[in-house]
Protein chains: 2
Amino acid sequence: MLTAKQKELLLYIHERIKESGVSPSFDEMKEALDLASKSGIHRLITALEERGFLRRLPHRARALEVLKLPESAATAAPPKGRSTFRPSVVADGRSGMGIPILGQIAAGVPIEALQNEIGRIQAPDDLLGAGDHFALEVKGDSMIGAGILDGDVVLIKRTDTADSGDIVVALVDNEEATLKRLRKRGNSIALEAANPAYETRIFGPDRVRVQGKLVAMIRRYS
Amino acid sequence: MLTAKQKELLLYIHERIKESGVSPSFDEMKEALDLASKSGIHRLITALEERGFLRRLPHRARALEVLKLPESAATAAPPKGRSTFRPSVVADGRSGMGIPILGQIAAGVPIEALQNEIGRIQAPDDLLGAGDHFALEVKGDSMIGAGILDGDVVLIKRTDTADSGDIVVALVDNEEATLKRLRKRGNSIALEAANPAYETRIFGPDRVRVQGKLVAMIRRYS
DNA sequence: ATGACCTGAGACCAAAGGGTGAACGATGAG
DNA sequence: CTCATCGTTCACCCTTTGGTCTCAGGTCAT
């Protein structure tokens with residue numbers, strides 16, 4: 001999934017943001033990876049973004065956000081809080097084992113994120129109708145206008161159809177899963193964020209696959 | 001995601017709001033960052049808004065709201081509100097019947113509303129800690145800035161104490177229950193909506209009684 | 001060796017970040 | 001209405017940063 005350099009850079013960025021709250025500039029990354037030119041950094045960043053590990057605002061200084069870390073964030077990186085979770089214990093005969101939280105979702109998160117269970121949430125089954133459901137933790141602020149904030153957990157019903165106006169998990173080009181409002185525009189499909197900072201993206205019908213439909217949202221306050 | 005200046009300003013704004021409940025004016029921010037002109041502040045604010053850290057109402061005085069803090073709110077202020085979601089281990093059975101929804105709540109709802117149960121919701125008990133809980137349906141848009149919309153169901157833990165900054169159910173003059181963010185201002189108590197269209201109301205300590213504290217929120221999509 | 005391909009080096013440029021000062025406009029209280 | 005407060009915008013300036021381009025050196029399979 002990642003080359004050694006990409007992983008190194010990603011971990012460095014993550015480290016810097018965690019420590020200082022400020023993302024590094026291209027020049028700083030250049031120094032950190034011991035390069036003399038930032039053109040390489042540029043290529044690495046692009047690759048990381050394409051693979052869904054990073055998000056950035058183009059043409060903005062220090063506008064990087066780490067969306068997820070490589071599987072083995074092994075390098076001494078103290079686990080991100082969530083990793084302390086131990087899914088094992090849950091075996092009390094009752095059917096209420098909760099439904100799986102399959103990962104984080106935002107603009108730019110690849111499908112792989114939907115494979116690994118990162119936790120479970122006990123969802124009241126009166127929220128769930130029939131059908132298969134899963135949950136995702138929302139990363140980022142792209143749906144802020146719809147009252148869905150960073151860190152919220154959304155409950156998704158697995159389906160491959162949705163109506164215009166529904167909020168869905170959509171897979172674009174088999175690569176990138178994203179939570180957006182779906183609009184049908186003639187033959188095309190528009191994926192619309194609830195945040196003016198993000199622009200609506202329009203795709204041909206064959207590039208977008210609906211993976212599920214938002215049925216509920218749960219937020220917890222500390 | 002942020003530059004150093006942007007972070008500095010964001011933390012300052014957050015600090016000010018947390019302390020006084022009132023967002024600083026452009027001039028005050030100018031002073032705080034040691035600038036001679038406030039147009040720089042304006043640009044920083046714009047950048048923070050674009051990056052999703054702030055929300056504001058244009059042409060309104062002191063109408064800023066901090067939506068999220070940088071990953072490292074390094075300055076000794078880790079409380080980071082509602083941080084990464086941590087699914088806790090599923091406990092034993094749920095208390096079967098769910099918890100009661102006691103009514104709707106908004107500005108202007110009389111206490112009586114808290115007596116009649118209008119429904120029940122099955123709440124995942126990993127959202128609930130110890131203690132007595134109840135639920136309310138939110139009416140109105142007074143907390144829209146905190147991502148709480150009309151029709152949402154909020155889970156409240158019964159308590160009569162709360163910290164400044166908590167979202168609470170407060171009873172004013174034994175008459176009117178309302179869901180607001182609580183601020184302690186010296187001896188007085190401010191109840192603050194997350195919607196600049198509503199103004200913050202300030203009361204003497206004897207006029208406000210905290211009835212509970214927001215612990216979670218559930219929204220269902222049709 | 002040859003060419004395709006990758007990566008880093010270095011230079012260059014356009015644009016964003018940020019500071020200043022002044023003028024302009026909207027808001028809200030009296 | 002009038003006025004003070006406060007947000008908004010503009011022009012001007014310099015610095016920082018991101019994006020791009022070309023070139024030079026590797027690696028690898030043919």
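The values are calculated or read from the model by the stated rules, or taken from the named source; none is laboratory data. Just so it is clear, the model here is predicted, and its values are computed rather than measured. Glycine also receives a Cβ, built like all others from the backbone with ideal geometry; neighbour counts cover every protein chain displayed. Just so you know, the surface numbers come from the protein's heavy atoms only, side chains and all, with ligands and any DNA or RNA stripped out. Shrake-Rupley method; radii C 1.70, N 1.55, O 1.52, S 1.80 Å.
Points worth noting:
- For the range A:199-213, the criterion of a residue being within 17 Å of the chain's Cα centre (by Cα), at pLDDT below 90, open to solvent by 40 Å² or more (accessible area, probe 1.4 Å) and not charged (D, E, K, R) is satisfied by no position.
- When every residue of the range B:46-59 is checked against the conditions, none turns out to be more than 23 Å from A:L67 (Cα to Cα) and crowded, with 19+ Cβ neighbours inside 10 Å.
- Residue that is farthest from the other protein chains (Cβ to nearest Cβ) [pool: residues in the range A:15-67 that are more than 7 Å from DNA strand C (Cβ to nearest atom) and polar (S, T, N, Q)]: A:T46
- Filtering the range B:9-59 to residues that are in a loop (DSSP other than H, G, I, E, B) and more than 10 Å from DNA strand D (Cβ to nearest atom) leaves B:G21, B:L33, B:D34, B:L35, B:A36, B:R51, B:G52, B:F53.
- Tabulated pairs, the range B:1-13, first more than 20 Å from B:S23 (Cα to Cα) and touching a residue at least 60 places away in the same chain (Cβ under 8 Å), second open to solvent by 30 Å² or more (accessible area, probe 1.4 Å) and within 11 Å of DNA strand D (Cβ to nearest atom), C-beta under 7 angstrom, 6+ apart or interchain: B:L2/A:R62
- Cβ-Cβ under 6 Å pairs, at least 6 apart or on other chains, the range A:193-222 side within 14 Å of chain B (Cβ to nearest Cβ) and farther than 15 Å from A:G140 by Cα, far side part of a strand (DSSP E or B) and open to solvent by 20 Å² or more (accessible area, probe 1.4 Å): A:G212/A:K157; A:G212/A:R158; A:K213/A:K157; A:V215/A:K157; A:A216/B:R220; A:Y221/B:V215
- Answer residue from the range A:139-166, given it is open to solvent by 10 Å² or more (accessible area, probe 1.4 Å) and not in a loop (DSSP other than H, G, I, E, B) and is nearest to the other protein chains (Cβ to nearest Cβ) among those: A:I144
- Within the range B:2-29, being touching a Phe, Trp or Tyr at 6+ places or on another chain (Cβ under 9 Å) and among the polar types (S, T, N, Q) holds for one residue alone: B:Q6.
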